[in-house]
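Asks: Just dropping this structure here.
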Amino acid sequence: QVHLEESGGGLVQPGDSLTLSCAASGLFFSYYTMSWYHQAPGKQREMIATITPGHSVRYADSVEGRFRISRDNTANTAALLMTGLAPEDSGFYYCNAERSYQTYWGQGIQVTVSS
């Protein structure tokens, strides 16, 4: 059974940094493209960062230069380093694993950026 679990969320102030982690189990992790999605209140979930099995990365324009995605294929984890956080970065963050027609989601974790 595939399980993705996010951790590291919470309440931070504008300008702060935060690192989210995604621990994966039940899948051949190194074969999957890992992504982070953000869902702001009242908005659709959108992909903000993705990393392929070969470590190629891609970012949404909204986070380019501020966020960095990484993966550890030995530990079966993916991480999202978020810097320069702003109130519009608040919301739920979801970890996603995808390979061909298979896609899996974590339950999400909340990040609140507020002074």
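The values are calculated or read from the model by the stated rules, or taken from the named source; none is laboratory data. Note that the coordinates shown come from a computational prediction; the quantities given were computed from them, not determined experimentally. Side chains included, ligands, DNA and RNA excluded: accessible areas come from the protein's heavy atoms. Shrake-Rupley method; radii C 1.70, N 1.55, O 1.52, S 1.80 Å.
Asks: Per residue, how much accessible area does the chain have with a 1.4 Å probe, in Å²? Walk me through the numbers on the way to the answer.
Replies: Values: 6300 Å² over 115 residues.
Counting only protein heavy atoms, the per-residue value for the chain is 55 Å².
Asks: Carbon and sulfur together cover what percent of the accessible area of the chain at a 1.4 Å probe radius?
Replies: Working: 2920 of 6300 Å².
Looking at the chain in its full context, I get 46 percent from C and S.
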